[in-house]
Amino acid sequence: MSDSIVIIPTYNEKENIEKMIETVFALSKLFHILIVDDGSPDGTATIVKRLQEKYSDSLFLLERKGKQGLGTAYIAGFKWALARDYQYVFEMDADFSHDPNDLIHLYDACSTGGADMAIGSRYSTGVNVVNWPMGRVIMSFYASKYVKLITGMNIHDATAGFVCYRRNVLEVIDLDKIRFKGYAFQIEMKYTAYTLGFKLKEVSIIFVNRVLGESKMNAGIFGEAFYGVIRLRINKIMGRIKGNKT
């Protein structure tokens, strides 16, 4: 058994998924893995099913029909994890832009470091990004500056998608009221946790641009984040960000 589940959303990740799963399972700490696959036409889910024969007690698959967005994939994964006895729930990409070894550092930040939510941060100690086009680095870096300005949240990397949550954070957040799907989803989860009084802690990581497969990033995702931040701030001012009672 493990107290930790790593949720990895996938869409056309056949080049990466087997290596990612094997790498996580080779870590010194045992993590379980939940793959949330949105009907990948390249056969990603088929690869996972084959690996489940080897890792029947620690590798799980949640299949959905068609691309429904990153945010809804994570919400589905969170609900799956909360229906079971996991105490630490992780978000992670499948493409090795997030180093699996950093899972242990995020876990330590929450299990012994006092954090309720640990964020794998590209910008807490400078700009730790490898092989990204300069335009994307600038856009991502200043997007987090913009979020910090609008929300007042002291987080250097608000759009980060490498995260560890303590179970009680996800129990208190009303997951059915999380609305955004792309970068804005990552901001919304952090801002909601922050607003509800949880302690957020950044853990410095090095982010490496994917080598295999295609990026899912597009202009619409950035647009959602830009306008979504203003909406989140208004929601807080109006007292609309409320948690579940536990």
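The values are calculated or read from the model by the stated rules, or taken from the named source; none is laboratory data. Everything quoted here is computed from the prediction, not taken from an experiment. Positions of Cβ are backbone-derived with ideal geometry, glycine not excepted, and every protein chain shown enters the neighbour counts. In case anyone asks, the SASA skips ligands and DNA or RNA and just uses the protein heavy atoms, side chains included. Shrake-Rupley method; radii C 1.70, N 1.55, O 1.52, S 1.80 Å.
Given the criterion over 24 Å from residue 80 (Cβ atoms), part of a loop (DSSP other than H, G, I, E, B) and either at pLDDT below 95 or not charged (D, E, K, R) (or both), identify the matching residue among 211, 203. Steps first, answer last, please.
Numbers: 203 fails: part of a loop (DSSP other than H, G, I, E, B).
Going through 211, 203 in turn, just one is over 24 Å from residue 80 (Cβ atoms), part of a loop (DSSP other than H, G, I, E, B) and either at pLDDT below 95 or not charged (D, E, K, R) (or both): 211.
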Original post:
Among the residues of the range 95-126, how many are in contact with a Phe, Trp or Tyr (Cβ under 9 Å, 6 or more places away or on another chain) and either open to solvent by less than 10 Å² (accessible area, probe 1.4 Å) or outside any helix (DSSP H, G or I) (or both)?
Top reply: 16
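State whether one or more residues within the range 181-191 are at pLDDT 90 or above, more than 19 Å from residue 135 (Cβ to Cβ) and open to solvent by 50 Å² or more (accessible area, probe 1.4 Å). Break it down stepwise before answering.
Of the range 181-191, the ones at pLDDT 90 or above are 185-191.
Checking which are more than 19 Å from residue 135 (Cβ to Cβ) leaves us with 185-191.
Still in the running and open to solvent by 50 Å² or more (accessible area, probe 1.4 Å): none.
Checked against the condition, which is being at pLDDT 90 or above, more than 19 Å from residue 135 (Cβ to Cβ) and open to solvent by 50 Å² or more (accessible area, probe 1.4 Å), the range 181-191 yields no hits at all.
Within the range 43-79, restricting attention to residues that are charged (D, E, K, R) and in a helix (DSSP H, G or I), which residue is surrounded by the most Cβ atoms within 10 Å (Cβ to Cβ)? Break it down stepwise before answering.
Just the residues of the range 43-79 that are charged (D, E, K, R), to begin with: 49-50, 53-54, 57, 63-65, 67, 79.
Those left that are additionally in a helix (DSSP H, G or I): 49-50, 79.
Details: 49: 15, 50: 11, 79: 13.
Step by step, filter the range 43-79, then rank; the result is 49.
Can you name the residue in the range 12-57 that is in contact with a strand residue (DSSP E or B) (Cβ under 9 Å, 6 or more places away or on another chain) and among the acidic types (Asp, Glu) and, of all such residues, is farthest from residue 108 (Cα to Cα)?
38
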Original post:
Which one is nearest to residue 85 (Cα to Cα), of the residues in the range 22-42 that are open to solvent by 20 Å² or more (accessible area, probe 1.4 Å) and not in a loop (DSSP other than H, G, I, E, B)?
Top reply: 25
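Taking into account only those residues within the range 6-21 that are part of a strand (DSSP E or B) and β-branched (Val, Ile, Thr), which is surrounded by the most Cβ atoms within 10 Å (Cβ to Cβ)? Let's see the steps before the verdict.
Start the filter on the range 6-21 by keeping residues that are part of a strand (DSSP E or B), which leaves 6-10.
Now narrow it down to the ones that are β-branched (Val, Ile, Thr): 6-8, 10.
On the way: 6: 28, 7: 25, 8: 26, 10: 26.
If we take residues in the range 6-21 being part of a strand (DSSP E or B) and β-branched (Val, Ile, Thr), then 6 is surrounded by the most Cβ atoms within 10 Å (Cβ to Cβ).
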**OP:** Mind counting the residues in the range 140-173 that are of a type in the set (D, E, K, R), in contact with a His (Cβ under 9 Å, 6 or more places away or on another chain) and not in a helix (DSSP H, G or I)?
**Re:** 0
Subject >> Criterion violated by residue 3 - all others in (1) under 23 Å from residue 174 (Cα atoms); (2) surrounded by 17 or more Cβ atoms within 10 Å (Cβ to Cβ); (3) in contact (Cβ under 8 Å) with a residue 60 or more places away in the chain; (4) not basic (Lys, Arg) satisfied >> reply: (2)
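I'm trying to understand the selection: among the residues of the range 80-94, which are within 17 Å of residue 161 (Cα to Cα) and not in a loop (DSSP other than H, G, I, E, B)? Spell out how you get there, then give the answer.
Our first condition is that a residue be within 17 Å of residue 161 (Cα to Cα); within the range 80-94, this holds for 88-94.
88, 89, 90, 91, listed by residue number.
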